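Trainee: Before I ask anything, let me first share the structure, which is written out below as structure tokens.
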Amino acid sequence: MVEDPLLRALRDEVRAEGYYRPPTGRMMLELASHVTLALGGIAAFLATENLLLRLCALAVTTTGSLGITTYSHTASHYATLRRKWANELLTYFGFTFFWGESATYWWNKHVVGHHPVPNVIGADPDADLSPWFALTIDEVRASRGLLRFYYERLQCYVFPFTLAGMVFGMQSQGWSFVISALRDPARRSHKHWIDLGVLVLHYVVWIGVPLLFFRPLPVLAFYALRAAALGYAVLAVAGPGHLPLYASCIGVDEPTEDLLLRQTATTANFTTGWLGRWLCGGLEYQVEHHLFPKVNHAYYPRLSPKVQELCRQRGVPYHVCSWDRALWNTYRVLATPKHLEPDLEALRLPVPAAAPGNAPDAVDIRESLELSDQTA
């Protein structure tokens with residue numbers, strides 16, 4: 001894979017400006033606010049019998065839990081805190097302890113598996129939703145009989161309900177990964193043992209301890225409700241990064257060697273205010289995150305104009321959309337799956353002749369989306 005010289009120069013500039021040094025104090029304060037919301041929501045849920053107040057408390061704890069997850073996502077890239085061990089500790093805390101998701105599975109699936117090949121069907125594990133859902137027309141056409149009928153007519157209606165079980169699915173996959181690694185002397189490491197211990201601790205704290213004070217049914221029901229709500233919340237911030245129609249899917253044989261083009265064509269941003277940025281933890285800047293995964297998300301708003309300028313100079317897409325439109329197009333892909341893009345070079349845009357300081361605005365998909373909505 002070829003790295004663009006301008007991208008390499010931007011990496012050097014980013015390093016010189018100190019963007020690779022996380023603002024530790026700010027990160028810890030914001031993380032503490034998420035933990036406070038998550039635990040406070042649980043306490044409020046237990047303290048009242050009123051259904052409406054309990055729903056509000058569930059929303060509060062889900063918001064806090066989502067914040068913990070997004071900040072732990074940054075930590076899994078070693079970018080939340082300055083020490084490697086501190087980032088790993090936060091990853092175990094946010095994913096394994098709080099969510100019940102294996103941290104080692106996450107590192108393997110997302111950091112190692114997804115980031116180098118986003119939306120490469122057959123290589124990117126995050127883009128593999130089969131056999132439950134088909135993201136591309138090619139997957140639909142390769143199916144037969146009832147499965148094809150399901151993909152064409154039903155999957156868009158089934159998808160919203162399955163999000164309630166997304167956390168449980170990832171927990172199950174994580175357990176399988178950890179057990180498999182521990183049984184293989186060539187693979188297992190101390191990280192897998194730590195992961196196993198924290199996974200056990202997760203169930204002790206979130207199920208075992210409550211059973212000492214409450215009846216089993218309410219304890220299990222609340223655990224399931226919290227996990228289901230988190231599934232919807234995670235999709236709301238992570239889905240718009242790669243699922244929408246305008247984020248290209250490609251095959252393993254796509255010939256382009258341009259790293260910049262591959263990352264920008266398959267990735268998308270969405271816009272939000274300061275509250276959304278506090279909650280999303282950088283996931284609204286997926287383009288910047290994929291090009292600079294070890295830069296702390298606090299710097300992405302300042303880095304974004306530089307990345308947009310780079311994309312203009314190289315004629316590569318820079319997808320950005322409002323959050324509500326991004327969510328709608330995340331869902332639309334289940335009703336109208338994407339074509340596999342055979343050659344990303346066809347997506348290149350004209351390089352502006354004007355000087356960089358007078359270059360036109362960044363490529364914005366909102367206008368094209370409005371036109372597509374009118375003709376759909």
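The values are calculated or read from the model by the stated rules, or taken from the named source; none is laboratory data. Keep in mind the model is a prediction, meaning the values are calculated, not measured. Here the Cβ is made from the backbone with ideal geometry for all residues, glycine too, and neighbour counts use every protein chain on show. Heads up: the accessible areas ignore ligands, DNA and RNA and are worked out on the full protein's heavy atoms, side chains in. Shrake-Rupley method; radii C 1.70, N 1.55, O 1.52, S 1.80 Å.
This table checks each residue for (1) touching a Cys at 6+ places or on another chain (Cβ under 7 Å); (2) among the aromatic types (Phe, Trp, Tyr); (3) surrounded by fewer than 20 Cβ atoms within 10 Å (Cβ to Cβ).
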site: 256; (1), (2), (3): no, no, yes
site: 259; (1), (2), (3): no, no, yes
site: 285; (1), (2), (3): no, yes, no
site: 296; (1), (2), (3): no, no, no
site: 302; (1), (2), (3): no, no, yes
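Trainee: Are there any pairs with C-beta distances below 6 angstrom linking a residue in segment 195-220 that is without any contact (Cβ under 8 Å) to a residue 40 or more places away in the chain to a residue that is open to solvent by 40 Å² or more (accessible area, probe 1.4 Å), with the two at least 6 apart or on different chains, and if so which?
Mentor: Going by the 6 Å Cβ cut-off, the qualifying pairs are 219/211.
Trainee: Please name all residue pairs, on different chains or six or more residues apart, with Cβ atoms under 8 Å, provided the first residue is in segment 52-68 and is surrounded by fewer than 22 Cβ atoms within 10 Å (Cβ to Cβ) and the second residue is basic (Lys, Arg) and assigned to a helix (DSSP H, G or I).
Mentor: 58/226
Trainee: On the given criteria, is residue 251 open to solvent by less than 40 Å² (accessible area, probe 1.4 Å) and closer than 20 Å to residue 73 by Cβ?
Mentor: no
Trainee: A further question on this structure: Out of the residues in segment 10-29 that are open to solvent by 50 Å² or more (accessible area, probe 1.4 Å) and under 18 Å from residue 309 (Cα atoms), state the one that is nearest to the chain's Cα centre (by Cα).
Mentor: Out of the qualifying residues, it is 11.
Trainee: Within segment 267-283, restricting attention to residues that are without any contact (Cβ under 8 Å) to a residue 60 or more places away in the chain and in a helix (DSSP H, G or I), which residue is surrounded by the most Cβ atoms within 10 Å (Cβ to Cβ)?
Mentor: Residue satisfying both the conditions and the ranking: 277.
Trainee: Quick check on segment 105-120: of everything there that is in contact (Cβ under 8 Å) with a residue 40 or more places away in the chain and open to solvent by less than 10 Å² (accessible area, probe 1.4 Å), which residue is nearest to residue 248 (Cα to Cα)?
Mentor: Among those that are in contact (Cβ under 8 Å) with a residue 40 or more places away in the chain and open to solvent by less than 10 Å² (accessible area, probe 1.4 Å), it is 119.
Trainee: With segment 284-350 as the region, which helices (runs of 4 or more DSSP H) entirely inside it contain at least 1 residues that are of a type in the set (Lys, Arg)?
Mentor: Hits in segment 284-350: 300-314, 323-335.
Trainee: Also, I was wondering about something else. Would you say residue 95 is of a type in the set (Phe, Trp, Tyr), part of a helix (DSSP H, G or I), buried (at least 19 other Cβ atoms within 10 Å of the Cβ) and at pLDDT below 95?
Mentor: Taking the combined requirement at face value, the residue does not satisfy it.
Trainee: Restricting the search to segment 304-334, which residues are open to solvent by 50 Å² or more (accessible area, probe 1.4 Å) and either without any contact (Cβ under 8 Å) to a residue 24 or more places away in the chain or under 21 Å from residue 163 (Cα atoms) (or both)?
Mentor: 305, 323, 324, 325, 327, 328, 331
Trainee: Would you check which residues across segment 128-151 are of a type in the set (A, V, I, L, M), assigned to a helix (DSSP H, G or I) and open to solvent by less than 50 Å² (accessible area, probe 1.4 Å) and list them?
Mentor: Scanning segment 128-151 gives 137, 140.
Trainee: Continuing with the same structure: Can you find even one residue in segment 354-368 that is modelled with pLDDT under 90 and of a type in the set (Lys, Arg)?
Mentor: Scanning segment 354-368 turns up at least one residue that is modelled with pLDDT under 90 and of a type in the set (Lys, Arg).
Trainee: Going through segment 213-234 one residue at a time, which ones are over 24 Å from the mean Cα position of the chain (by Cα) and either modelled with pLDDT of 95 or more or in a helix (DSSP H, G or I) (or both)?
Mentor: Passing the criteria: 216, 217, 218, 219, 220, 221, 222.
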